[in-house]
Amino acid sequence: MELLIVIFIISLVYYLGFSGVSLHQQRPKALTPLNLKENIIHSAFFSQKATLLCVNKCKECYIRKGLSSPFKAYENKINLGNIKVYTLDQSDSLTQIEYRRFNDKKICLVLDFHANGSSTQLILEDEKHAYFLPAFFGKAKKFDSVEDAKEYWLEKNRVVSNSGDFY
């Protein structure tokens with residue numbers, strides 16, 4: 001009888017102590033220009049290659065695994081706002097990227113992610129800031145203007161291209 005009472009008390013303490021604890025996976029934070037790469041690479045959708053596609057002024061995003069899979073709606077929060085996407089052309093001038101349409105909605109962003117951790121290198125601009133998204137290593141950086149982000153991009157390219165000068 002004493003053993004049953006001890007088991008009952010231990011079970012009650014266990015139930016009261018651990019009933020509120022859940023062992024579910026932590027959901028990713030809302031997509032922002034600063035955490036976009038980390039969120040996608042660490043999501044369940046990413047396996048070797050993924051493509052993120054955002055439409056409707058970047059209020060809706062879709063993601064696909066590989067190249068041949070269909071796009072599926074990105075289920076987590078999106079906080080990208082109405083962004084503009086830039087790249088550098090051959091003469092190192094800023095060029096705004098104009099995408100086509102997806103499901104009859106204007107595409108505002110397409111970003112490819114690869115197995116080696118690289119992604120498309122871009123500059124994003126919202127109402128307040130500009131963001132440099134690196135292709136390989138490092139995290140996204142926030143700047144006050146698109147021109148500042150461009151200068152950072154060019155400086156990173158000079159450092160990489162000059163890294164073999166001592167040979």
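The values are calculated or read from the model by the stated rules, or taken from the named source; none is laboratory data. The structure presented is a predicted model; accordingly, all values stated were derived computationally and were not measured. No Cβ is skipped: glycine too gets one built from the backbone with ideal geometry, and neighbour counts run over all protein chains shown.
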Check your understanding: If we only count strands (runs of 3 or more DSSP E) wholly inside segment 35-137, which ones have 2 or more residues that are under 15 Å from Ala149 (Cα atoms)?
Key -> 84-88, 94-96, 122-125, 130-133
Point to revise | Thr95, sole failed condition from (1) under 26 Å from Asn157 (Cα atoms); (2) buried (at least 17 other Cβ atoms within 10 Å of the Cβ) | key: (2)
Practice item. Would you check if there is a residue in segment 33-47 being loosely packed, with under 12 Cβ neighbours inside 10 Å, modelled with pLDDT of 85 or more and not acidic (Asp, Glu)? Key: no
Review point. Scanning for something modelled with pLDDT of 85 or more, within 25 Å of His114 (Cβ to Cβ) and among the hydroxyl-bearing types (Ser, Thr, Tyr), does segment 4-24 turn up at least one residue?
Key: no
Exercise for review: Answer with yes or no whether Asn157 is more than 13 Å from the chain's Cα centre (by Cα), part of a helix (DSSP H, G or I) and either more than 26 Å from Ser43 (Cβ to Cβ) or not hydrophobic (A, V, I, L, M, F, W, C) (or both).
Suggested key: yes
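Here is a check on your reading of the model: is Lys77 under 23 Å from Ile41 (Cα atoms) and in contact with a helix residue (DSSP H, G or I) (Cβ under 8 Å, 6 or more places away or on another chain)? Reasoning before the result, please.
On the way: under 23 Å from Ile41 (Cα atoms): yes; in contact with a helix residue (DSSP H, G or I) (Cβ under 8 Å, 6 or more places away or on another chain): no.
No; evaluated as a whole, the condition is false for this residue.
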Review point. Which residue pairs have Cβ atoms closer than 8 Å, lie 6 or more positions apart in sequence or on different chains, and pair a first residue in segment 25-41 that is acidic (Asp, Glu) with a second residue that is assigned to a loop (DSSP other than H, G, I, E, B) and modelled with pLDDT of 85 or more?
Key: Glu38/Lys139
